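Since the structure comes first, as structure tokens, the remarks are kept for the end.
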Ligand code: EPU
């Protein structure tokens with residue numbers, strides 16, 4: 001069915017089968033997607049989504065591949081990635097807002113804000129994600145949340161309709177947004193909270209970078225594995241329970257920050273899942289806190305694995 005839709009797609013749209021995913025994630029583990037597409041237009045995106053729905057193939061929207069654990073083997077899924085240049089543009093609007101495509105990397109967005117003297121987006125620098133992924137997960141760091149700086153989001157919803165949601169209409173919280181769960185964000189209009197001299201913005205960026213470098217590992221990882229429980233830090237708990245450095249194969253709880261699982265080289269998704277289980281069990285045994293994974297899983301459901 002996906003093969004049949006190819007003839008209707010623009011020549012710039014990429015459609016491949018059996019695509020290896022490990023190299024498209026920051027953790028670097030996992031198998032292949034049955035289908036993989038990089039649509040060059042909204043029309044192609046919608047056609048692909050419909051074709052997948054007709055064959056009962058689930059669709060997964062992939063961003064920068066952080067905050068994601070891909071299972072091994074072949075995964076019956078259509079992975080869609082907004083990588084074409086039309087999704088990677090940032091424009092300044094006349095009212096002082098920035099319009100950013102879903103494929104724009106957060107680092108590029110921060111660079112653009114810096115050049116234009118727009119302050120308040122600095123917390124996003126250093127999150128290894130795209131605008132689309134950050135919207136879907138309501139990515140956050142240094143006390144800031146992606147959806148707090150959003151004016152509106154253009155998206156293709158679960159039914160395949162294109163629509164614009166204003167921030168007031170979105171139901172979001174810590175690392176989730178109801179309207180974006182099954183949708184594909186196409187672009188967002190962001191309202192930077194203020195203006196400042198480049199030097200002042202650069203100083204904030206440096207402060208965040210220093211904090212990150214001092215407290216987070218450099219090795220490949222998916223970012224924080226667990227959500228922070230109310231009023232505490234999962235990293236602090238894991239550390240407190242003496243679980244840093246625990247290793248299964250090449251997957252290891254980072255000795256730098258307890259909430260990161262790092263890939264020491266040839267880790268597999270099975271090893272990572274095993275380690276997630278061990279850490280979760282350890283924290284439950286020692287601290288009676290049930291940690292919930294933050295990282296999305298592709299190819300299985302956390303509740304079936306934990
Ligand atoms: N801590 C420890 N040991 C550790 C890790 C942390 O004692 O191994 C302590 C720290 O000393 C600090 C407290 O726990 O007192 C909080 O640590 P940190 O500032 O590193 O923040 P976090 O709550 O662990 C959150 C986000 C990160 C984000 C940082 C910085 C979550 C799950 N994590 O981490 O986001 O970068 O704040 O703002 O919300 C992510 O979501 O993937 C992520 C990396």
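The values are calculated or read from the model by the stated rules, or taken from the named source; none is laboratory data. Fair warning: this is a prediction, and the values are worked out from it, not measured in the lab. Neighbour counts run over all protein chains shown; Cβ positions are idealised from the backbone, glycine included.
Among the listed residues 134, 100, 113, which satisfies the condition of being assigned to a helix (DSSP H, G or I), closer than 18 Å to residue 191 by Cβ and in contact with a helix residue (DSSP H, G or I) (Cβ under 6 Å, 6 or more places away or on another chain)? Talk me through it step by step, then tell me what you get.
Numbers: 100 fails: assigned to a helix (DSSP H, G or I); 113 fails: in contact with a helix residue (DSSP H, G or I) (Cβ under 6 Å, 6 or more places away or on another chain).
Exactly one residue qualifies, and that residue is 134.
What's the number of the only condition in (1) within 15 Å of the ligand (Cβ to nearest atom); (2) in contact with a strand residue (DSSP E or B) (Cβ under 6 Å, 6 or more places away or on another chain) that residue 189 fails to meet?
Only one criterion is unmet by residue 189, namely (1).
Going through region 1-25 one residue at a time, which ones are part of a loop (DSSP other than H, G, I, E, B), more than 24 Å from residue 155 (Cβ to Cβ) and under 23 Å from the mean Cα position of the chain (by Cα)?
Within region 1-25, no residue meets the criteria.
When you scan region 90-97, do you find a residue that is in contact (Cβ under 8 Å) with a residue 60 or more places away in the chain, in a loop (DSSP other than H, G, I, E, B) and surrounded by fewer than 16 Cβ atoms within 10 Å (Cβ to Cβ), even just one? I'd like the intermediate steps shown before the answer.
In the first step, residues of region 90-97 are kept if they are in contact (Cβ under 8 Å) with a residue 60 or more places away in the chain; the result is 93, 96-97.
Subsequent filtering for residues that are in a loop (DSSP other than H, G, I, E, B) retains 93, 96-97.
Okay, now just the ones that are also surrounded by fewer than 16 Cβ atoms within 10 Å (Cβ to Cβ), so 93, 96.
Yes, some residue in region 90-97 is in contact (Cβ under 8 Å) with a residue 60 or more places away in the chain, in a loop (DSSP other than H, G, I, E, B) and surrounded by fewer than 16 Cβ atoms within 10 Å (Cβ to Cβ).
With the condition being more than 9 Å from the ligand (Cβ to nearest atom), more than 25 Å from residue 120 (Cα to Cα) and touching a residue at least 60 places away in the same chain (Cβ under 8 Å), I'd like the helices (runs of 4 or more DSSP H) fully within region 194-301 carrying at least 2 qualifying residues.
Numbers: elements: 198-215, 234-240, 269-287.
By residue number, 269-287.
Report yes if some residue within region 56-65 is farther than 30 Å from residue 145 by Cα and modelled with pLDDT of 95 or more; otherwise report no.
Going through region 56-65, the residues farther than 30 Å from residue 145 by Cα turn out to be 56-57.
Right, trim to modelled with pLDDT of 95 or more and you get 56-57.
Within region 56-65, one or more residues are farther than 30 Å from residue 145 by Cα and modelled with pLDDT of 95 or more.
What number of residues within region 118-134 are closer than 19 Å to residue 92 by Cβ and modelled with pLDDT of 95 or more? Before you say what the answer is, go through the steps one by one.
Of the residues in region 118-134, the ones closer than 19 Å to residue 92 by Cβ are 118-122, 124-125, 131.
Then keep just the ones that are modelled with pLDDT of 95 or more; that gives 118-122, 124, 131.
Qualifying residue count, region 118-134: 7.
What is the residue count in region 137-162 for residues that are in a loop (DSSP other than H, G, I, E, B), out of contact with any strand residue (DSSP E or B) (no Cβ under 8 Å at 6 or more places or on another chain) and within 15 Å of the ligand (Cβ to nearest atom)? Write out each step before concluding.
Filtering region 137-162 for residues in a loop (DSSP other than H, G, I, E, B) gives 138-139, 142-143, 157-161.
Now drop any that are not out of contact with any strand residue (DSSP E or B) (no Cβ under 8 Å at 6 or more places or on another chain), which leaves 142-143, 158-161.
Adding the requirement that they be within 15 Å of the ligand (Cβ to nearest atom) leaves 142-143.
Residues that pass the stated criteria total 2.
Yes or no: residue 86 assigned to a strand (DSSP E or B), farther than 15 Å from residue 19 by Cβ and modelled with pLDDT of 95 or more?
On the way: assigned to a strand (DSSP E or B): no; farther than 15 Å from residue 19 by Cβ: yes; modelled with pLDDT of 95 or more: yes.
Judged against the criteria, residue 86 is not a match.
If you check 272, 248, which single one turns out to be closer than 20 Å to residue 71 by Cβ and within 20 Å of the chain's Cα centre (by Cα)? Please lay out each step first, then the result.
On the way: 248 fails: within 20 Å of the chain's Cα centre (by Cα).
Within the list 272, 248, the selection yields 272.
Residue-wise test of (1) more than 26 Å from residue 223 (Cα to Cα); (2) free of Cβ contacts under 8 Å to residues at least 24 places away in the same chain; (3) in contact with a helix residue (DSSP H, G or I) (Cβ under 9 Å, 6 or more places away or on another chain); (4) surrounded by fewer than 19 Cβ atoms within 10 Å (Cβ to Cβ).
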| position | (1), (2), (3), (4) |
| --- | --- |
| 23 | no, yes, no, yes |
| 29 | no, no, yes, no |
| 37 | no, no, yes, no |
| 54 | yes, no, no, yes |
| 58 | no, yes, yes, yes |
| 65 | no, no, yes, no |
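The conditions are (1) in contact with a helix residue (DSSP H, G or I) (Cβ under 7 Å, 6 or more places away or on another chain); (2) more than 8 Å from the ligand (Cβ to nearest atom); (3) closer than 29 Å to residue 93 by Cα, and residue 175 fails exactly one of them. Which is it?
Evaluating residue 175 over (1) in contact with a helix residue (DSSP H, G or I) (Cβ under 7 Å, 6 or more places away or on another chain); (2) more than 8 Å from the ligand (Cβ to nearest atom); (3) closer than 29 Å to residue 93 by Cα leaves (2) as the failure.
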